[in-house]
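See below for the structure under consideration.
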Amino acid sequence: MADEDDAHVVITNADIAAAKRDWQLARSRGDAPDRVDAALDLYRRLISAQAQQIADTYRRTGALRSDQG
């Protein structure tokens, strides 16, 4: 059975920045509203997931990772 730590994905600041650029590009290009909304939703979900990871890491270790926040 896999260790619990092996089952999660780490969201980095670079992931957040890439999602933000994708959303902004879709918006500025005038992509279909569904595409812009999907890009914004992904950006928001990544921010939320990273925030949860930061909180979990801090609760577990008392320290933050250099690539998270």
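Pairing residues of region 15-26 that are under 16 Å from D37 (Cβ atoms) with residues that are surrounded by 14 or more Cβ atoms within 10 Å (Cβ to Cβ) and of a type in the set (S, T, Y), at Cβ distances under 8 Å and at least 6 apart in sequence or on separate chains, gives A19/Y43; K20/Y43; D22/Y43; W23/Y43. Scanning region 12-35 for residues that are open to solvent by less than 70 Å² (accessible area, probe 1.4 Å), in a helix (DSSP H, G or I) and more than 27 Å from I54 (Cα to Cα) gives a single hit, A26. So, L46, is that one surrounded by 14 or more Cβ atoms within 10 Å (Cβ to Cβ), within 13 Å of I11 (Cα to Cα), modelled with pLDDT of 95 or more and not small (G, A, S) or not? For L46, the condition - surrounded by 14 or more Cβ atoms within 10 Å (Cβ to Cβ), within 13 Å of I11 (Cα to Cα), modelled with pLDDT of 95 or more and not small (G, A, S) - is met.
The values are calculated or read from the model by the stated rules, or taken from the named source; none is laboratory data. In this text, all values refer to a predicted model and were calculated from it rather than measured experimentally. Backbone-built Cβ (ideal geometry, glycine too); neighbour counts: all protein chains shown. With ligands, DNA and RNA removed, areas are computed over all heavy atoms of the protein, side chains included. Shrake-Rupley method; radii C 1.70, N 1.55, O 1.52, S 1.80 Å.
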